[in-house]
Amino acid sequence: MNDKAHSKKPDEIPEPENLSVAPSARLPATIPPETLKRFLAVSESLQRYMEQNSRIFKEVIKTSAVHDSILEKINLSASLEASKILDAQIRSLELNKVFQSPALELANTVNLSIGRLFEATDVIRVNELLKQVALPPRIWEEQLQAIAKVVGEFPRYDLALQSHLAEISKLSVLSQATVSRLVWENIGNALDVQSPIRSVLQNSFLDFTQSYSKLFDSWEKQPSFVLLLPPIVSKFPAIEFYNGVDVVDSITIRHHEDIEFQEEKRWIEEEVRKETEDRLEALLVRLNAELIVLLRGARQSLDSANPDHARHFATSLRELFTHVLHTLAPDDKIRAWSTAPEHYGKGRPTRRARLLYICRTLNHEPFSTFIEKDIDAGLEFLQLFQRGTHEVVPKYADIQLRIMLVRMESLLRFMLEIWNTD
């Protein structure tokens, strides 16, 4: 962490009304002044906490690379959550419970990239970026309108971007904190998976994490990409990575449980689940209303007394995924779009070709690669629940199945949101 950031005396901390904190694009239409001051006071408390505990935070930064600029500019709704997450990281550090792994190193790089993206989104730099790109009409309108109701200025793209990045950072920091608690060699041990399967899961998750890191590295180098993408689309990689980490965490036994940290995770999981459920159904109805039957069948199988319900659950989800993918990218559309031999196998379009077709309007290779690795990892872990009669069936806990459901529903929604931007 920058030592200069900790050289300020306590009386130099700005009063709440003077703090330069980006408001959330999800704030209500009107906010009473006293409520806004209370939110800003949370941010001030977080800054004081950072200064008072600078030595520990420097160690946390060194160990897990949570960049200070994420915290200095974190938005109103995310401030308290970030404080709780960092509290948990400090406790882990003090207890020597941060476990190094290839995935943790990559998660570190993402948070560093987000920190540098914050630095690239001050008002002067954002205005320069706006001169270089042609924004699609109305792409940031919802965020800009929400911010205008708070600060009285329109359009404030700098605040819209900072607020957006703060939402992303909340998920990304929590993902990193979760990965720091995973013993890499123990992945899957809650299901007693054998070494060959564990190796497949590790490699799949690591490929997914690498693609996540490379995506944010590309955005750090060219921040204009974040401006050009619809906000829901650019936020989704952080959601997907969080969900992917959550699945890995759910099937791995931890040596140390941090109750407060787990409560914070459950709260965010519930937030993601509720948002995903309703939105996914609406998008499926728009694509093909008959697909709702498959989705509800998968959900209902979780409550079944059938001892084979985990396999039925996984089979229903995989069937739904295949239907959605082939509806979004049908064979005839793929053939009209590309004749490249690498896009076909056994006379049919490959899964990669279908995904590239879905992402074709985004025109950003790291993004296309990320969604490919995201899907590969999602399906690989889903396969754990689909083995059924072919192997000894593990006794899946209800929480593991429900986390996997959120993972797959979110993955489906991700593809549908990209399609919905066309």
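Filter the stretch 137-186 down to residues that are part of a loop (DSSP other than H, G, I, E, B) and over 18 Å from V126 (Cα atoms) and give me whichever is modelled with the lowest pLDDT. Before the answer, list the steps.
Our first condition is that a residue be part of a loop (DSSP other than H, G, I, E, B); within the stretch 137-186, this holds for 137-140, 152-156, 180-183.
After this cut, where a residue has to be over 18 Å from V126 (Cα atoms) as well, the list is 152, 180-183.
On the way: G152: 78, S180: 85, R181: 85, L182: 90, V183: 91.
Among residues in the stretch 137-186 that are part of a loop (DSSP other than H, G, I, E, B) and over 18 Å from V126 (Cα atoms), the one modelled with the lowest pLDDT is G152.
Restricting attention to the stretch 311-327, does a residue exist that is more than 20 Å from D246 (Cα to Cα), free of Cβ contacts under 8 Å to residues at least 12 places away in the same chain, among the aliphatic types (A, V, I, L, M) and surrounded by 14 or more Cβ atoms within 10 Å (Cβ to Cβ)?
no
Take the residues of the stretch 400-422 that are hydrophobic (A, V, I, L, M, F, W, C) and under 20 Å from R352 (Cα atoms): which is surrounded by the most Cβ atoms within 10 Å (Cβ to Cβ)? Steps first, answer last, please.
Within the stretch 400-422, the first condition is being hydrophobic (A, V, I, L, M, F, W, C), and the residues that meet it are 401, 403-406, 408, 411-412, 414-416, 418-419.
The next check asks that each one be under 20 Å from R352 (Cα atoms); those that pass are 408, 411-412, 414-416, 418-419.
Values: M408: 25, L411: 27, L412: 25, F414: 25, M415: 24, L416: 20, I418: 24, W419: 18.
That would be L411.
Name, by its number, the condition in (1) on the phi > 0 side of the Ramachandran plot; (2) over 28 Å from the mean Cα position of the chain (by Cα) that does not hold for D332.
Exception for D332: condition (1).
Enumerate the pairs (first residue in the stretch 222-240 and within 15 Å of L416 (Cβ to Cβ); second residue anywhere and of a type in the set (S, T, Y)) with beta-carbon separation below 7 Å, excluding pairs fewer than 6 apart on the same chain, so at least 6 apart or on different chains.
P230/T421; V233/T421; I239/S410; E240/S410
For (1) crowded, with 22+ Cβ neighbours inside 10 Å; (2) over 26 Å from K170 (Cβ atoms); (3) at pLDDT 90 or above, each residue gets a yes or a no:
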| site | (1), (2), (3) |
| --- | --- |
| G188 | yes, yes, yes |
| V200 | no, yes, yes |
| T209 | yes, no, yes |
| E220 | no, no, yes |
| L228 | no, no, yes |
| A238 | yes, no, yes |
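The values are calculated or read from the model by the stated rules, or taken from the named source; none is laboratory data. This structure is a prediction, so every number in the text was calculated from the model and none was measured. Cβ sites come from the backbone with ideal geometry, for glycine too, and all protein chains shown count toward neighbours.
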